[in-house]
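Shown next, in structure tokens, is the structure this report addresses.
The values are calculated or read from the model by the stated rules, or taken from the named source; none is laboratory data. As the structure is a prediction and not an experimental result, all values here were calculated from the model. Here the Cβ positions follow ideal geometry from the backbone for every residue, glycine too, while neighbour counts run over all protein chains shown.
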Amino acid sequence: MKLSINKSRSLWWAISSAIILAGIISMVISWQNPNIKAPLRPSLDFVGGTRLQFERDCTKPGNCDQPIDINVVREVAKAQGLGDSSIQIVADKGTGAENGILIRTKNLDREQRTNLQNALTEKVGTFDEQKNQFDTVGPTLGAELFRSGAIALIVSFAGIIIYLSFRFQLDYALFAIVALLHDVFITAGIFSIFGLVLGTEVDSLFIVALLTITGFSVNDTVVIYDRIRETLKTNPNGAIADIVDDAVNQTLGRSINTTFTTMLSLFAIFLFGGETLKNFALALIIGFTAGAYSSIFIASTLLTFWRERNGQATMVVSGESIDTSAGN
Amino acid sequence: MQRQRSLLILILVLIIAAITVIATIPIPLGLDLRGGSQLTIQVKTSAEIPTITERELEGVKKVVEGRINGLGVSEPLIQTVGTDKILVQLPGVNDPEQAERVLGGTAQLEFRTQKPNTETQLFAFQTSRAELKVKQEELRKSADKAAIVKNQEDLQKNNQAIAELFESTKPPLIGKYLKDAYGEPSQGNNWHVAIRFDQEGGQLFANLTKNLAGTGRSIGVFLDNELISAPTVGIEFAAAGISGGSAIITGRFTAQQANDLGVQLRGGALPVPVEIAEIRTVGATLGQDSITSSIYAGIGGLILVLIFMVVYYRLPGLIADIALLIYALLTWATFALFGITLTLPGIAGFILSIGMAVDANVLIFERTREELQAGKSLYRSIESGFYRAFSSILDGNVTTVIACAALFWLGAGLVKGFALTLALGVAVSMFSAITCTRTLMFLAYTIPALRKPELFCPNLPRSNKAEVAQ
């Protein structure tokens, strides 16, 4: 079986464009949404505020007999002047019993927080002190986190472009970055849709996930480029489309197996890992899938397209001296 | 073969070293895994201090340290972050209410006068305080929380008692008058602390010292109402006090002690307000839940990968599995050596780097198969599998490390930990996936029973099989 990826490249490009477009539309809708006001639904990490999480102590007799009524919780919050908070009832992962409360609100100081907790204890039941969790983030800190993440991303792009143009050629490097942006956009777009539909929030771990995806995506692309470079060396006069097709097919087994083994770990974390890592694993699953797809179907076809247009299929020979010296 | 043998010995030595390291150096768990609170303190600029420099940040950190130590929390971690922030981690503290209360606000430094006829009392209190402090240090090492709290209360009472022996000057000589303070060497091995007041402060200080000179009573230097130094003033200053605004505090200071006191005084004198910018708490059980399930998930995923490798790649897969286990050992030991604190993103980075290590082997084995299918001999196929796959492994890993470096230098907190573990993992994987696998592979090749191409690649064409078997 041989895939002729270059023949149907307009199909691959159309698929990617459609997904990215859907993501962008979702980001625009999110932006317009008064509850979100950002392309992706930001968590506390980025906008600041206070998040409180309580869980009832069910070892106390009678404490958990009544299910938590979300309206009661709302009433309590309103009485504290926190009517516009978002309130959720959280089910316990093991038992499925709804004994947790998650409240997200504007920045609360110590006193306000204690008042809220006491009022809730009175109406809902005693909470397990060990399981209480609260986070407060100032708005400037979130902005800084986002800024430093974005700068790190841009700097790593620049570094990757420089390294790849040194090891391969500039056009390889640029298309690797296009493939990488493709993966980042697809992941961000899908999470934007999740944010609209399921209320999924992106936190600082999401930035970490995007950065990991860029690393892996480039890795995938490099493996195929390496094969193209090698084939071009032995067969400098072949049609670029054939050479790229061959390279993709020869590395296909590796692409599938590597993606598969990585997915094994990621799915394990997604399904059975701690709550905190779930969305992180999901982002990586989407990103790595997009990464495998883009390195096979996008980066390689773009390179063919570019070289066919510019008649550069044979030009690679000029870059060979760099390749051999650096490869040995 | 000689080279293979020395490599094999090297690998064995590394494994033993790694096991020793793992057994002796424990990897500390991050706050997100063990539970506790983390407070980020933002140091604000003010009219007097328009920019925060490192010197000022260090001073404020000292003040924060003093306040946190007053809480009696075990193993608090206080470090500066960036140019104007201080991170405080309080393991095991679920409700940082107390910490919040003491952390906000500007430091209060004051020079006070000792009340007459209290010398013996002061001496007694200071002696008992020294004892309590020693006891506190010992208790912190143990886990006896009740005893720590009890001792802390005693210390508080002692502080209060000491504070009552002093009174403020009129007007009070407070931190804002102090221009600078630093430790410097005097004669021999001794150090002293130099202090300098502004003009108004100099005047107040002269009055203060004039009253105390030769009486045997001390100047009480208080930071946040705790006595940090109690120097006496010599009789020769009885006429005019120490004038000119400068003075030195002598004593049997070591360089460390003199510098510490200098930094404390400077920090106390800073008119910069601090604000708590972020609070994060993780309940202890919540941390435990996520660590256990994440670790189980990671191990489960890893076992699946190991099984897949053997099923798909046969003998090389088995060898890669051994190399992968070596990899896990070495990486863990590297984390311990680098003093990495394990956090959730750190675990994620580790698991992902395992993926990278597997990828390197997949690349090599796929290549070996191709060469076998092309009709090359087994030995040559293995050789060129490693040789040809190397450039893509190298390029792939270097790009990952570039991304990690950007994250490490520019990212903050979480991102940093993740970048470091991933980069270290990738570096170790270059060794384990290439050198280890290769050495073990050729070791296997020396055993005739294992020298069968079918063990390397199933479903080889018949003709090939005959050819390569020779």
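Scan the range A:109-128 and give yes if some residue there is touching a Cys at 6+ places or on another chain (Cβ under 7 Å) and in contact (Cβ under 8 Å) with a residue 60 or more places away in the chain, otherwise no. The answer is yes, given that some residue of the range A:109-128 is touching a Cys at 6+ places or on another chain (Cβ under 7 Å) and in contact (Cβ under 8 Å) with a residue 60 or more places away in the chain. Being touching a residue at least 60 places away in the same chain (Cβ under 8 Å) and facing chain A (nearest Cβ under 9 Å) is a property that holds for residue B:418. Only one of the numbered conditions (1) within 19 Å of residue A:201 (Cβ to Cβ); (2) within 21 Å of the chain's Cα centre (by Cα) is violated by residue A:24, and that is (1). Contact map, the range B:359-370: residues that are surrounded by fewer than 24 Cβ atoms within 10 Å (Cβ to Cβ) paired with residues that are outside any helix (DSSP H, G or I), Cβ distance under 6 Å, separation 6+ or inter-chain. Pairs shown: B:369/B:457. Summed over the range A:82-105, residues that are assigned to a loop (DSSP other than H, G, I, E, B) and surrounded by 13 or more Cβ atoms within 10 Å (Cβ to Cβ) total 6.
The rows are residues; the columns are (1) assigned to a strand (DSSP E or B); (2) surrounded by 22 or more Cβ atoms within 10 Å (Cβ to Cβ).
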site	(1), (2)
B:239	no, no
B:258	no, yes
B:268	no, yes
B:281	yes, yes
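For the residues A:184, A:197, the requirement of being among the β-branched types (Val, Ile, Thr), surrounded by fewer than 24 Cβ atoms within 10 Å (Cβ to Cβ), over 15 Å from the mean Cα position of the chain (by Cα) and more than 11 Å from chain B (Cβ to nearest Cβ) singles out A:197. Looking only at residues of the range A:32-68 that are out of contact with any helix residue (DSSP H, G or I) (no Cβ under 8 Å at 6 or more places or on another chain), modelled with pLDDT of 80 or more and farther than 25 Å from residue B:281 by Cα, we find that the one that is surrounded by the most Cβ atoms within 10 Å (Cβ to Cβ) is A:32. Residue A:218 meets each of the listed conditions (1) surrounded by fewer than 24 Cβ atoms within 10 Å (Cβ to Cβ); (2) in a helix (DSSP H, G or I); (3) within 18 Å of the chain's Cα centre (by Cα) apart from (1).
Residue A:170 falls short on exactly one of the conditions (1) aliphatic (A, V, I, L, M); (2) under 16 Å from the mean Cα position of the chain (by Cα); (3) surrounded by fewer than 20 Cβ atoms within 10 Å (Cβ to Cβ), and that condition is (2).
Could you list, in sequence order, all residues of the range B:379-412 that are in contact (Cβ under 8 Å) with a residue 24 or more places away in the chain and within 7 Å of chain A (Cβ to nearest Cβ)? Correct list: B:392, B:396, B:400, B:412.
The lone criterion from (1) farther than 19 Å from residue A:48 by Cα; (2) under 17 Å from the mean Cα position of the chain (by Cα); (3) free of Cβ contacts under 8 Å to residues at least 40 places away in the same chain left unmet by residue A:157 is number (3).
May I ask you to verify whether residue A:268 is in contact with a helix residue (DSSP H, G or I) (Cβ under 7 Å, 6 or more places away or on another chain), free of Cβ contacts under 8 Å to residues at least 60 places away in the same chain, more than 9 Å from chain B (Cβ to nearest Cβ) and assigned to a helix (DSSP H, G or I)? Here the answer is no, as residue A:268 does not meet what is asked. Given the criteria over 30 Å from residue A:244 (Cα atoms), modelled with pLDDT of 85 or more and buried (at least 24 other Cβ atoms within 10 Å of the Cβ), does residue A:192 qualify? For residue A:192, the condition - over 30 Å from residue A:244 (Cα atoms), modelled with pLDDT of 85 or more and buried (at least 24 other Cβ atoms within 10 Å of the Cβ) - is met. Within the range A:46-76, the set of residues being in contact with a strand residue (DSSP E or B) (Cβ under 8 Å, 6 or more places away or on another chain) and over 26 Å from residue A:140 (Cα atoms) comprises A:54, A:55, A:56, A:57, A:63, A:64, A:68, A:70, A:73, A:74.
Among the residues examined, residue A:75 qualifies as surrounded by fewer than 18 Cβ atoms within 10 Å (Cβ to Cβ), part of a helix (DSSP H, G or I) and out of contact with any Phe, Trp or Tyr (no Cβ under 6 Å at 6 or more places or on another chain).
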